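Enquirer: I have a structure here, written as structure tokens, and I will follow up with some questions on it.
The values are calculated or read from the model by the stated rules, or taken from the named source; none is laboratory data. This one's a predicted model, so the numbers in the text were calculated from it and none came from an experiment. Glycine gets a Cβ as well: all are built from the backbone with ideal geometry, and neighbour counts include every protein chain shown. In case anyone asks, the SASA skips ligands and DNA or RNA and just uses the protein heavy atoms, side chains included. Shrake-Rupley method; radii C 1.70, N 1.55, O 1.52, S 1.80 Å.
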Amino acid sequence: MLGIKARMTQVFSDAGVVSAATVISAGPLTVTQVKNTDKDGYESVQVGFGVRKESRTNKAMKGHFGDLGSFQHVREYRGGSANKGDKIDVSLFAPGDVVEVSSISKGKGFQGVVKRHGFHGGPRTHGQKNKERAPGSIGGGGRAGGRVVKGMRMGGRMGGERVTVRNLKVLQVDAASNTLLISGAVPGRPGTLVEIRG
């Protein structure tokens, strides 16, 4: 299932236990193409999600979608059985289902090693005044002949990567408004495209 991360909220159980939850506007998806082994060499189902203006859809995609409409996002998944034009909605899920969610995390720009990798930094005493968050030694003659080893943890760009969070529970399903409430936090900012797998 594909969806858009909306916001976070709180959900109270029947026992009065509060849980943090993420609201996701999920689906409906439309099957835009069904691939098979004879014609394409493998089996998969292609789905479209979201609405794109006709004026912003090129001729190739218009011809591909046909009279199904124009879609903002198109994804393809191996296996599965469906027919072109079928609709897939949040009724696939039920409260209590365990899912994993993938999306692009928030971009945080250039960050140092303390934030990016969890380094502890240097001591605040013993003559230190501007080295508290410094990375420390990154090598020398004893390691790799004086070169900096590939993969050395250093400052750099952080975030903006595909992140998957597993073992999240579906708390509520609202088929009327195509909304899912999923326990815990989901990567990304509000408005991020989210992929939910059962």
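Enquirer: Collect residues whose amide H, placed 1.01 Å from N in the peptide plane, falls under 5 Å from the amide H of Met8; neighbours closer than 5 in sequence don't count.
Expert: Val23
Enquirer: When the accessible area of the chain is split by element with a 1.4 Å probe, what percent falls to carbon and sulfur?
Expert: For the chain, the apolar C and S fraction of the accessible surface comes to 49 percent.
Enquirer: Another question about this same structure. How big is the accessible area of Phe12 in square angstrom, nearest 10, if you roll a 1.4 angstrom probe over the protein chains?
Expert: 130
Enquirer: Once ligands and nucleic acids are excluded and a 1.4 Å probe is used, how much of Val113 is accessible, expressed in Å² to the nearest 10?
Expert: Estimated to the nearest 10 Å², Val113 gives 10 Å².
Enquirer: Determine the principal axes of the Cα atoms in region 113-198, then give the extent along each, sorted from largest to smallest and rounded to whole angstroms.
Expert: 64, 32, 22
Enquirer: Stretched out fully, how many nm does the piece from Ala94 to Tyr42 gain, at 0.36 nm a residue minus the Cα gap?
Expert: 15.7 nm
Enquirer: Go ahead and run the numbers for FRET between Lys87 and Phe110, Cβ-Cβ distance against an R0 of 41 Å, rounding to 0.05.
Expert: Efficiency, from the Cβ-Cβ distance: 0.40.
Enquirer: Could you check which residue among Ile104, Ile88, Ile138 shows the biggest mean-square fluctuation in a GNM of the chain with a 10 Å Cα cutoff?
Expert: In the Gaussian network model the winner is Ile138.
Enquirer: Find the accessible area per residue for the chain; the probe is 1.4 Å, ligands and nucleic acids are left out, and the unit is Å².
Expert: 64
Enquirer: Next question, about the same structure. Relative contact order for the chain: what is it in percent, counting Cα pairs under 8 Å that are at least 6 residues apart? Could you put the intermediate results ahead of the total?
Expert: Details: 417 pairs, mean separation 60.0, N = 198.
Contact order relative to length: 30 percent.
Enquirer: While we're here: Sticking with the crude label model, points 7 Å out along Cα→Cβ, report the distance from Val148 to Lys129 in nm, one decimal please.
Expert: About 2.7 nm separates the two model spin labels.
Enquirer: For a quick check: with amide H placed at 1.01 Å from N, whose amide H comes under 5 Å from Gly184's, ignoring anything fewer than 5 positions away on the same chain?
Expert: Correct list: Ala20, Ala21, Thr22.
Enquirer: Taking the simple approach of a point 7 Å from Cα along Cα-to-Cβ for both Ala185 and Val163, what is their distance in nm?
Expert: 0.7
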